[in-house]
Amino acid sequence: MSARVGFAGMTHLGLVSATGTAAKGFDVVCYDSNPALVADLRAGRLPVLEPGLDDMVAANGARQKFTSDLADITSCDVVYIAPDVPTDDQGRSDLGPITEVISRILPALAPQAVLVVLCQVPPGFTRGLPLASERLYYQVETLIFGRAVERATQPERFIVGCDDPAKPLPPKYREVLAAFDCPILPMRYESAELAKISINMCLVASISVANTMAELCENLGAVWSEIVPALKLDRRIGEYSYLAPGLGIAGGNLERDLATVIRLAAEHGGDAGVVEAWVRNSRHRRDWAARKIRETILSRWPSPVLAVWGLAYKENTHSVKNSPSLATLRQLPGLALRLHDPVVSAVDLDLDGAVQLPDALSALAGAQALAILTPWPEYREIPLADIAAALGEGVVIDPYRVLDPMAARAAGLEYHTLGMPSVAAGGRG
């Protein structure tokens, strides 16, 4: 009989991971202690936004069971602990909700069932749990907001923490992993817990290189997007390198790992100076849009109106955790704002002088300038001629290069983006 899999915690990580596992043909129990959330899930009202997730849940049908009854966990051969781990403004994890879920799940486990910690925890956490090592594992999650369904169904590899990497994995657990047809890398608990942090350190290093060099491009007449292909063709760097400049590091997970490394280095006498430099670089680049707004808008008009497209921390998600857009707007108190975001409501965001509009073009009415602070795909589809016609003074601040710079110039827009000199308007009159 095929393995029966349970997931405890129906926030982003648990829901997406459970859905991906059910899509591989397994019967999956999706447990959460919140009956109201479970009722919403049964009715198809999902608490997270991910492209393709609603359709996949619907296609899974009866294979994916949503429940708030712990007795349903008893039937599972493998149970994942999968709630999202909240972080504070300093990047510190709150492990209280995770330990609470584990304490509820452990008594409900079948005698031979395997427990897998899927949510991110610091080194040493998994080994300290009160369960026999042959039934206890840690699995590194590598979901990406906005691409989580793809990552959950087509993982690059599985990193599995265990007490003894030389021992074979339990048959039912291995059956689940083997269904995804990717490499399985067993290692010690602590190695796996640190592997997730190591992955994010490499990403942060790439982001820091891109942001630092893109800023030089803006001031030296170079274009960062012209340089990137040369780097990706270097085998020491690689074609999949993360080299897109942005407004610092956002979302919470990367900040948490930076804070963890700094803390661990201090505790053990290590040197985390390079990590502290990445944090400073991130904060500097986070403020690029606010600096550009002051230079190009506030310096010209005494009481300007700014249209803003995007409030979420990145496209294809409703999360505003550490959103660069909100960080930018909160540096500009008193500025009149006309906002649009496809999924985020500004009602509870405490933005003075802000009005939210139902569509992107209507947000441009009466505005001197537009700042595109989240690169939602739908913004790329809006004709530049329509933007130019609706926008008062034709100034566009577009850090993520949602619009084409030369086409923006041809449409008569003054265009500012990361990684290249500003483009003056052409033919606006």
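General observations
- The set of residues in the stretch 129-142 being modelled with pLDDT of 95 or more and either more than 30 Å from the chain's Cα centre (by Cα) or open to solvent by 20 Å² or more (accessible area, probe 1.4 Å) (or both) consists of 129, 130, 131, 132, 133, 134, 135.
- The stretch 143-158, residues that are outside any helix (DSSP H, G or I), closer than 17 Å to residue 82 by Cβ and open to solvent by 30 Å² or more (accessible area, probe 1.4 Å): 143, 144, 145
Here is a yes/no grid of residues against (1) surrounded by fewer than 17 Cβ atoms within 10 Å (Cβ to Cβ); (2) of a type in the set (Gly, Ala, Ser):
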{"site": "316", "(1), (2)": "no, no"}
{"site": "325", "(1), (2)": "no, yes"}
{"site": "333", "(1), (2)": "yes, no"}
{"site": "338", "(1), (2)": "no, no"}
{"site": "356", "(1), (2)": "no, no"}
{"site": "373", "(1), (2)": "no, no"}
{"site": "379", "(1), (2)": "no, no"}
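- The requirement of being modelled with pLDDT under 90, in a helix (DSSP H, G or I) and either among the polar types (S, T, N, Q) or open to solvent by 60 Å² or more (accessible area, probe 1.4 Å) (or both) is fulfilled somewhere in the stretch 241-253, by at least one residue.
- For first residues located in the stretch 105-119 and more than 12 Å from residue 29 (Cβ to Cβ), partners that are at pLDDT below 95 and acidic (Asp, Glu) and lie 6+ apart or on another chain with Cβ distances below 6 Å form the pairs 118/141.
This table checks each residue for (1) open to solvent by less than 60 Å² (accessible area, probe 1.4 Å); (2) modelled with pLDDT of 95 or more; (3) not hydroxyl-bearing (Ser, Thr, Tyr).
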{"site": "160", "(1), (2), (3)": "yes, yes, yes"}
{"site": "177", "(1), (2), (3)": "yes, yes, yes"}
{"site": "198", "(1), (2), (3)": "yes, no, no"}
{"site": "202", "(1), (2), (3)": "no, no, yes"}
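- When residues in the stretch 392-410 are screened for being over 31 Å from the mean Cα position of the chain (by Cα) and not in a helix (DSSP H, G or I), 3 of them pass.
- Boolean, residue 223 is in contact with a Leu (Cβ under 7 Å, 6 or more places away or on another chain), open to solvent by less than 30 Å² (accessible area, probe 1.4 Å), within 10 Å of residue 419 (Cβ to Cβ) and modelled with pLDDT of 90 or more: no
- Test for residue 383: is it over 27 Å from residue 249 (Cα atoms), out of contact with any Gly (no Cβ under 7 Å at 6 or more places or on another chain) and not hydrophobic (A, V, I, L, M, F, W, C): yes
- Odd one out for residue 230 among (1) surrounded by 14 or more Cβ atoms within 10 Å (Cβ to Cβ); (2) in a helix (DSSP H, G or I): (1)
- In the stretch 27-54, the residues that are open to solvent by less than 10 Å² (accessible area, probe 1.4 Å) and part of a loop (DSSP other than H, G, I, E, B): 50
- Boolean, residue 247 is in contact (Cβ under 8 Å) with a residue 40 or more places away in the chain, within 18 Å of residue 195 (Cα to Cα) and in contact with a helix residue (DSSP H, G or I) (Cβ under 6 Å, 6 or more places away or on another chain): no
- Check on residue 409, charged (D, E, K, R), touching a residue at least 60 places away in the same chain (Cβ under 8 Å) and open to solvent by 60 Å² or more (accessible area, probe 1.4 Å): no
- Taken over the stretch 55-71, residues that are in a strand (DSSP E or B) and touching a helix residue (DSSP H, G or I) at 6+ places or on another chain (Cβ under 6 Å) amount to 2.
- Pick from the stretch 65-86, criterion hydroxyl-bearing (Ser, Thr, Tyr) and surrounded by fewer than 20 Cβ atoms within 10 Å (Cβ to Cβ), ranking: nearest to residue 26 (Cα to Cα): 75
- Test: residue in the stretch 187-194 that is part of a helix (DSSP H, G or I), more than 26 Å from residue 260 (Cβ to Cβ), open to solvent by less than 20 Å² (accessible area, probe 1.4 Å) and in contact with a helix residue (DSSP H, G or I) (Cβ under 9 Å, 6 or more places away or on another chain): no
- Checking each residue in the stretch 263-273 for being surrounded by 12 or more Cβ atoms within 10 Å (Cβ to Cβ) and among the aliphatic types (A, V, I, L, M) picks out 264, 265, 272.
The values are calculated or read from the model by the stated rules, or taken from the named source; none is laboratory data. Values in this document were obtained by computation on a predicted structure and should not be read as measured data. Every residue, glycine as well, gets a Cβ built from its backbone with ideal geometry; the counts of neighbours run over all protein chains shown. Surface accessibility is based on the protein's heavy atoms, side chains included, excluding ligands, DNA and RNA. Shrake-Rupley method; radii C 1.70, N 1.55, O 1.52, S 1.80 Å.
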